[in-house]
Amino acid sequence: MKVEQISVFLENRAGRLAEVAEILGKNGINIRALSLADTTDFGILRLIVNDREKAKEVLKEAGFTVGITEVVAVEVDDEPGGLAKILTPLSEEGINVEYMYAFVEKSRNKAVLIFRFENTDKAIEVLAKNNITILDGEQVYSL
Amino acid sequence: MIWNDEMETLPREALEALQLKRLKQVVERVYATVPFYRKKFQEAGITPDDIKSLDDLKRLPFTTKEDLRENYPFGMFAVPLKQVVRIHASSGTTGKPTVVGYTKRDIETWSELMARSLYAAGVTKEDIIQNAYGYGLFTGGLGVHYGAEKIGATVIPISGGHSKRQIMIMKDFGATVLTCTPSYALHLAEVAEEMGVEPRSTILKVGIFGAEPWTEEMRREIEELWNIKAIDIYGLSEIIGPGVSIECEEAQNGLHIFEDHFIPEIIDPETGENLPYGEYGELVITTITKEAFPVIRYRTRDITRLIKEPCICGRTFVRMDRVRGRTDDMLIIRGVNVFPSQIEEILISTKGVLPHYMIIVDREGTLDTLEVQVEVDEKIFSDEVRKLQQLARKIEQNIKETIGISAKVKLVEPKTLQRFEGKARRVIDKRKLFNGGK
Amino acid sequence: MIFEPEFECMPPDELRILQLYRLKRQLRRVYERVKPYREKMEKAGVKPDDIKSLEDIKYLPFTTKDDFRENYPYGLFATDMEEIVRVHSSSGTTGKPTVVGYTKRDLETWATLTARVLAAGGVRKRDIVQIAFGYGLFTGGFGLHYGVEKLGATVIPVSSGQTKRQIMIMKDYGTTALVCTPSYALHIAETLEEMRIDPKELKLRVGLFGAEPWTESMRQEIEKRLHIDATDNYGLSEVMGPGVSGECIEAKSGLHIFEDHFYPEIINPETGKPLPEGEWGELVITTLTKEGLPLIRYRTRDITKLYREECPCGRTLIKMAKPSGRTDDMLIIRGVNIFPSQVEEALLEIEGASPHFQIVVDRKGHLDEMEVWVEASEHLFFDSMRKQKELLDRITDHLQQSLGIKVKVKLVEPKTLERTSGKAKRVIDRRDLPKYVPEKYLKN
């Protein structure tokens, strides 16, 4: 039920993001979803890719610090109120979201939300109990 | 102006006779009371009786900062602790600071030397001294403070920092003398201008600057900006604190060493051989009157030269040139002494591992900045911004807690730091501190 | 030990004679030399010669913090600047700071009085005293520093902050007496635990704490956790600094006021009428010996009571209870005095900062923390974290510069601060501070 996400440490310098994209592209790696968290000095790029092992390998080779984190991918209908349906039960159970990002699947008229929780297992339990669709890794990597 | 006319203008012959008498006394005393010195003298095959002339001083072994560390905290004291009325400390090369002690008479001596220093700079009873050196274990603040009291001038013990308040108080309280580091004096001028206060419009007339190296260009700039006379002062806690030597306002050319209390030598830092007057080398000082914490041939690691020619002010003391560099890797950042090894210790203790790091010292505008760049490798990486920021803040906090200065910790990508011969170069000092010298 | 038994154990009737003599002398001096005093006394229709007994002091007008402001910086000094050898001042750049001056003799007196405090708190010549009060314009550090010198003990002038270093010094240098704020003492106890150092390994014996109000239960906690005897001492820079009064280690109940130098009164803060011994009210102090800055009936704004009782220590001096509460809105944060109006002024000086703010004071662990919550209106909001952080840093920096203490600024969403009659409530103080005084004297 968990999805593996790649995270990359980037300094706030021009061209660093382009470099990552180029390396991934050259190696035939497809980005499924991404988000960039910025601070004054550095950023953290978070990616879901089709081939995470290879992505990690090529990025490390190029000298980047790469981490792999377990996140949870949730699918909802792309309509008003979709996000609230997920967040309300979580907040009722006191589960903290560390960060999240989302993308829309045009073909299926669905939205996919990527969550990083403080307590992943508990979050999955709550989501399942509330009949929310959780995508497994393979489903996300091959979207 | 000369505070202690008798001592400060003593003919050389009489001065040297006094030095010899005091040197013999102090050598006898440390031999009798400090096991460290006795052992070292014995190893060198010397007894106090062998000191028959000032020239014999060079037969005595050196004392170094490492010796002080090994005898931490009170092993170098020459009096029982109950006679010690004050303790100060300065940065050590590792977590343990260097501890120095003073008897009541030492405090009086120090006050006298600071009174001489202030007077040499033209400060009198009528003056209002804004003392912006840091107070506390650092000797700068309290050193100036006691000297000013001795003269009977008014002290505003404002200590360091809070620049806007410094300007407000300088203006409202009518300060006539400013004491701080030279770079802080430049910074204050900037702050004054930002606040709409024209520095030249204040009634400040003299500034006494020290605790960090500076140049003639800086002096001219400070004098021009503030319309004051800028005087260089020198000292180090291991010797007594500020008040080892000072420029006179008449010549502003070389710092008079108070030779009735200290014997200076210049050595070749490599060989330890004495160098003649006029040649640059490492300054070595022997204290000849201190009771609680006498030091014999202490290697200051400061590079300078001694000037023997008489000065127009009438003092007969030898002068030392501006300090032109260091023979070790100590950094002086905003007047605080920092050893790279201290930063390394902090990094290890914060994270349990030693990441690759680099220390970058720069001067932004007029203030020194300390940046520690830490490579983010997999051992310390997290995908959460918060955790990485917390790590950076924690290191900053630990540097502040242990060394006492604000540092900026910047997380950088791995292998971006320059490495030389496979080993990382640890320090980049972008400031231009020294003009000339080695 | 009693440092000056000839004064501290004086028979009360002799003491009153000395007080009256010194009061009259002081009044004549200020009347002659300090214009604001002369004008005030003339306006009240009193002359120094009208004061014929100590009770007559009630005819004299009060002096307040406003008088300092109006006569900033040196207008209340009674000597030429040439005789002034030290200047201290309150913190901050907003408003006018309170400026105090000392002559050489004032410094002597001050050192003697803090030596009395130290001796009463159990410090002896052989002690090693670590002073963890800030040195600088704040009077805390220097006051006790000179007292330790006077006593002939060893002083370690560590100044405040850098707690781990404080502890290393305490351990390695064999500190036997600690001088700081009571909350910092508890913070040290906490840090000792973190560093896994058993306080019994230390040579610490006594602690002298002041510069902020504290409770009996804090005393017990400090004594238990640090294995020391803890005493309270009191002072304020306007009057002199620490050394106005101090507890004795024998009784630890109430602070002996050094009446040969200060004449204390308790008044009803509403009416200004003197209250009898034993009743709670505002402490008013007249300095009897100060040369640089003499004060006549200075309103301290501190709430306490005065009482005379036979003390096992042998001192005959009157006692004041631990101060508990203020008659104004001043906050004491880590020993530094802060007025909410200073925060307001500082925020207004920053372009675009919302005037809606709240000061939240709390004790995290044992250290006071002051947060200023500012409502982020639209022009204070950026989508980039970098810009947002820069704004936050600018506000923080400005507040810290203006107040002279560390402040944490938090941006909160608009209209979320608790309001009273349309205005955000200025101060939320979550600390457990002593408040055993009649409610009627507590504003806010």
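A few notes on this one:
- Per residue, the convex hull volume that the Cα atoms of region A:1-67 enclose (Å³): 82 Å³
- Working note: Karplus 6.51/-1.76/1.60 with θ = phi - 60° gives region C:70-79 the couplings 5, 10, 4, x, 10, x, 9, 5, 9, 10 Hz, where Gly and Pro are set to x.
- Between region C:13-64 and region B:52-131, the alpha-carbon centres lie 48 Å apart.
- With all protein chains modelled, accessible area of residue B:195 [1.4 Å, Å²]: 80 Å²
- Local electrostatic count, residue B:390, Cβ distance below 12 Å [Lys/Arg +1, Asp/Glu -1]: +3
- Highest-first packing order for the peptide set B:102-110, B:379-387 is B:102-110, B:379-387, based on the mean count of other beta carbon atoms within 10 Å.
- Shape call, the protein assembly as shown: gyration tensor on alpha carbons, a/c limit 1.5: oblate
- Residues of region A:50-70 that lose at least 50 Å² of accessible area (1.4 Å probe, protein heavy atoms only) when the other protein chains are present, relative to their chain alone, are A:65.
- Antiparallel bridge percentage (DSSP; both residues within the protein assembly as shown; nearest 5): 70 percent
- Solvent exposure, largest accessible area first (probe 1.4 Å, DNA, RNA and ligands not counted), of B:255, C:367: C:367, B:255
- Packing-based ranking, highest mean first, of C:259-269, B:340-350 given that Cβ atoms within 10 Å are counted: C:259-269, B:340-350
- Interface B-C: total buried accessible area of about 3900 Å², 1.4 Å probe, protein heavy atoms only.
- Solvent-accessible area buried by pairing A with B, both sides, nearest 100 square angstrom, 1.4 angstrom probe: 1800 Å²
- For residue A:109, net neighbour charge (Lys/Arg +1, Asp/Glu -1) across residues whose Cβ lies under 15 Å away: -2
- Counting only protein heavy atoms and using a 1.4 Å probe, the accessible area of residue C:72 comes to about 40 Å².
- Over the protein assembly as shown, accessible surface divided per residue gives 40 Å², non-protein components excluded, 1.4 Å probe.
- Amide hydrogen neighbours beyond the local backbone of residue B:256, cut-off 5 Å, H modeled: B:246, B:247, B:248, B:320
- Cα gyration tensor shape of chain C, rounded if a/c is under 1.5, else prolate or oblate by comparing a/b with b/c: oblate
- Top of B:29, B:165, B:301 by mean-square fluctuation, Gaussian network on chain B, Cα under 10 Å: B:165
- Here is how the number arises for chain B: DSSP H runs of 4 or more residues each give -39500 (n - 2.57), the sum is divided by the residue count, and the result at 222 nm is -9500 deg cm²/dmol.
- Beta bridge orientation in region C:47-201: antiparallel %, DSSP, nearest 5: 45 percent
- Exposure ranking of C:164, C:52 by accessible area [1.4 Å probe, largest first]: C:52, C:164
- For residues of C:147-158, the mean tally of beta carbons on other chains within 10 Å: 5
- Per-residue average of Cβ from other chains inside 10 Å of B:154-164: 6
- Using a cutoff of 8 angstrom between alpha carbon atoms and counting only pairs six or more residues apart, the relative contact order for chain C works out to 14 percent.
- Portion, in percent, of the accessible area of region A:29-81 that falls on carbon or sulfur, probe 1.4 Å: 40 percent
- Spatially, region C:236-291 and region A:27-101 are offset by 65 Å when compared through their Cα centroids.
- Area of residue C:249 that stays accessible when all protein chains are in place (1.4 Å probe, Å², to 10): 40 Å²
- Whole-number percent relative contact order across region C:1-108, with pairs defined as alpha carbons under 8 Å at least 6 apart: 20 percent
- Sequence of B:311, C:9 from largest to smallest accessible area, 1.4 Å probe: C:9, B:311
- Phi-derived couplings, Karplus 6.51 cos²θ - 1.76 cosθ + 1.60 at θ = phi - 60°, listed residue by residue for region B:206-222: 8, x, 10, 10, x, 6, 7, x, 8, 10, 4, 4, 5, 4, 4, 4, 4 Hz, with x used for Gly and Pro.
- Based on DSSP H segments of at least four residues, each scored -39500 (n - 2.57), chain C has a per-residue ellipticity at 222 nm of -9500 deg cm²/dmol.
- Mean per-residue shielding of peptide C:74-86 is 3, counting Cβ atoms of other chains within 10 Å of each Cβ.
- Protein accessible area in chain B, 1.4 Å probe - carbon and sulfur %: 50 percent
- Relative contact order %, chain B, counting alpha carbon pairs below 8 Å whose residues are six or more apart: 14 percent
- Part-to-part distance (alpha-carbon centres) for region B:384-409 and region B:135-154, which is given in Å: 32 Å
- Residues whose amide H falls under 5 Å from that of residue B:301, counting only those 5 or more places apart or on a different chain, are B:283, with hydrogens built in the peptide plane.
The values are calculated or read from the model by the stated rules, or taken from the named source; none is laboratory data. This one's a predicted model, so the numbers in the text were calculated from it and none came from an experiment. Using ideal geometry, Cβ is built from the backbone for each residue, glycine included, and neighbour counts are taken over all protein chains shown. The area values use the complete protein model at the heavy-atom level, side chains included, leaving out ligands, DNA and RNA. Shrake-Rupley method; radii C 1.70, N 1.55, O 1.52, S 1.80 Å.
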